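First the structure, in the form of structure tokens, and then the observations on it.
The values are calculated or read from the model by the stated rules, or taken from the named source; none is laboratory data. Keep in mind that what you see is a predicted model, and the values were worked out from it rather than measured. All Cβ positions, even for glycine, are placed from backbone atoms using ideal geometry, and neighbour counts span all protein chains on display.
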Amino acid sequence: MSESTARPLRADAERSVRAILEAAERVLSADPGATMEQIAAAAGVARATVHRRFAHRQTLIDALASSAARQLAQAVEDGRPDTAPPLVALHRITANVLDVKSAWAFALGLPSEPGSEAAVLHQDIARRCLTVLERARTDGLIDETADLHWLRRVYYALLGESLHGSPEDSDTDTDTLAARIIDTLLHGAGPRA
């Protein structure tokens, strides 16, 4: 039974699963080959607790990828991609996504199995991104001839560079980084009128 179809967990079990997933992100970021025992120790739970929730390592990895993808999807949704003015939605989504991606870099970097919950969520996120870009084009923020699929890829690259680029940006708040990303996406590096 998958985590998404399982009956709801009790509050203490939910906290335990959250602690395990957070520990897995930290431990696997540092050592992708880490054992379930190392993850349990980092989570402050018994190894048996990890195995009770996740039958084997791949189950834990899949749950980690799904959990991070759900958080990323929620970050996009919280930016109100369908209802907020496009420029506001782009900024909110960008700042939210930077926060989630910085906290869950390992999990969000995992390849998604086709048809998995994480893969479906990532496809929906890409679709939502195109929706916001289309709304921005309708509002005249993006040239009417722009290839939105290419622009989405550029946007993703800007997000990635902001997260993994210069150490000088490590102390820059997400709102400032989001503003830079959106400014670069919409205006490039050319002179301003």
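Some observations on this one:
- Residue among Ala24, Ala68 that alone is assigned by TED's automatic domain parsing to the domain that holds Val97, surrounded by 12 or more Cβ atoms within 10 Å (Cβ to Cβ), touching a Leu at 6+ places or on another chain (Cβ under 8 Å) and closer than 26 Å to Ala95 by Cα: Ala68
- Scanning the stretch 118-146 for residues that are within 25 Å of Arg26 (Cα to Cα) and touching a Lys or Arg at 6+ places or on another chain (Cβ under 8 Å) returns a single hit, Leu121.
- Subset tally (residues that are of a type in the set (Ser, Thr, Tyr) and farther than 17 Å from Trp104 by Cα) for the stretch 23-58: 2
- The helices (runs of 4 or more DSSP H) found wholly in the stretch 20-105 and carrying at least 3 residues that are under 19 Å from Val120 (Cβ atoms) and in contact with a Phe, Trp or Tyr (Cβ under 8 Å, 6 or more places away or on another chain) occupy 57-78.
- Gln38 free of Cβ contacts under 8 Å to residues at least 40 places away in the same chain, surrounded by fewer than 19 Cβ atoms within 10 Å (Cβ to Cβ) and in the same structural domain as Leu159 (by TED's automatic domain parsing): no
- None of Leu151, Leu186, Leu130 is in contact (Cβ under 8 Å) with a residue 12 or more places away in the chain and touching a His at 6+ places or on another chain (Cβ under 8 Å) except Leu130.
- Checked against (1) assigned to a loop (DSSP other than H, G, I, E, B); (2) modelled with pLDDT of 95 or more, Met1 passes all but condition (2).
- Sole residue being hydrophobic (A, V, I, L, M, F, W, C) and touching a residue at least 60 places away in the same chain (Cβ under 8 Å), chosen from Leu110, Leu98, Leu64, Leu72: Leu98
- Residue that is surrounded by the most Cβ atoms within 10 Å (Cβ to Cβ), among those in the stretch 77-110 that are among the charged types (D, E, K, R) and within 26 Å of Ala30 (Cβ to Cβ): Lys101
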